[in-house]
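Just below is one structure, and these are the notes that go with it.
The values are calculated or read from the model by the stated rules, or taken from the named source; none is laboratory data. This one's a predicted model, so the numbers in the text were calculated from it and none came from an experiment. Because the Cβ atoms are built from the backbone with ideal geometry, glycine has one as well, and the counts that use them run over all protein chains shown.
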């Protein structure tokens, strides 16, 4: 391809980003690789993107592909923007999504700034999502779709990318299945062709949030926070039926750690950070009829209508469910067609619409869940 522009590719050390870089080079792009160092210490034992092992693999991959490779130290930014947000959210009775914060404020905002210093026209990553360009009479627009491989789809954590930002972003592997990516990696003799996918949140060892919060609060001298200490467990009638270690160690829908003796399993249905109270109930009490979301983003710039029907995804592994969305002064209200379990403040509510032509779901926007709605629609 002639006159291809320069592209900065975020190389995590995983196979997806390495294949993305290699394919873009084969297409004729001038590729530059970059890897982020995100943790200050002990990262290698966590399996985090940006740990010493992954940086070394990313470097070897760049050498194999034949592209320059930079390593940027964003450990301070990562701690300020992602880890502190994670801790604060739990202290406030919310359930954070650190991957979304990392993508939004580190991998995209900061890397696009770095790309500009290198005169790169595009930023590419190994995310599983698709960007589709559509040509109209007056202009062209860019749209975010779920990936071809639905089992790996990451469009949920990318809803913050607006139309103008998508115009300078590339997701090459979003058009491929994982098996195809492995085949391409072996064809290219990449050092991470058979490297296992990362499964954990990078800074939380073994997904043990409880231990991580305890250790982090102690290290930062924040263990005195009231929500990191014992408080009451109440049932749906407001009766105290037990005690807990602190709201900061629980999330809506959780059962583990309640240590209750009840006739049927009880789950966390609500968290009240103001009183450090955990509210529990049987499974049916964890259902919500809707939600309110703020901090909204609409990829096209504006919502499609003041009131519209679409699909809403309320956590990473949740199947988008039909709902009616009402837009109100920088927020939106979701009313599910069928009640949903464990709607958690702090998570993202991402809105999709079905595209008959592509037979796939398109992300049109999203926001941060502010509260769950329990009342019946009138």
I'd like the full set of residues that are assigned to a helix (DSSP H, G or I) and under 21 Å from residue 111 (Cβ atoms), limited to the range 153-180. 155, 156, 157, 158, 163, 164, 165, 166, 172, 173, 174
Which members of the range 62-79 meet the condition of being farther than 22 Å from residue 99 by Cβ, in a helix (DSSP H, G or I) and touching a residue at least 40 places away in the same chain (Cβ under 8 Å)? 62, 64, 65
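Answer with yes or no whether residue 82 is closer than 30 Å to residue 230 by Cβ, at pLDDT below 95 and not assigned by TED's automatic domain parsing to the domain that holds residue 246. Steps first, answer last, please.
Working: closer than 30 Å to residue 230 by Cβ: yes; at pLDDT below 95: yes; not assigned by TED's automatic domain parsing to the domain that holds residue 246: yes.
So residue 82 fits the description; yes.
A quick yes/no check of all residues on (1) assigned by TED's automatic domain parsing to the domain that holds residue 91; (2) surrounded by 14 or more Cβ atoms within 10 Å (Cβ to Cβ); (3) not in a loop (DSSP other than H, G, I, E, B):
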| site | (1), (2), (3) |
| --- | --- |
| 238 | no, no, no |
| 253 | no, yes, no |
| 257 | no, no, no |
| 270 | no, yes, yes |
| 274 | no, no, no |
| 295 | no, no, yes |
| 311 | no, yes, yes |
| 317 | no, no, no |
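If a residue has to be free of Cβ contacts under 8 Å to residues at least 40 places away in the same chain and either over 20 Å from residue 5 (Cα atoms) or assigned to a strand (DSSP E or B) (or both) to count, how many in the range 111-148 make the cut?
Final tally of qualifying residues: 11.
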Identify the single condition in (1) in contact with a helix residue (DSSP H, G or I) (Cβ under 9 Å, 6 or more places away or on another chain); (2) at pLDDT 95 or above; (3) outside any strand (DSSP E or B) that residue 363 does not satisfy, given that it satisfies every other one. (3)
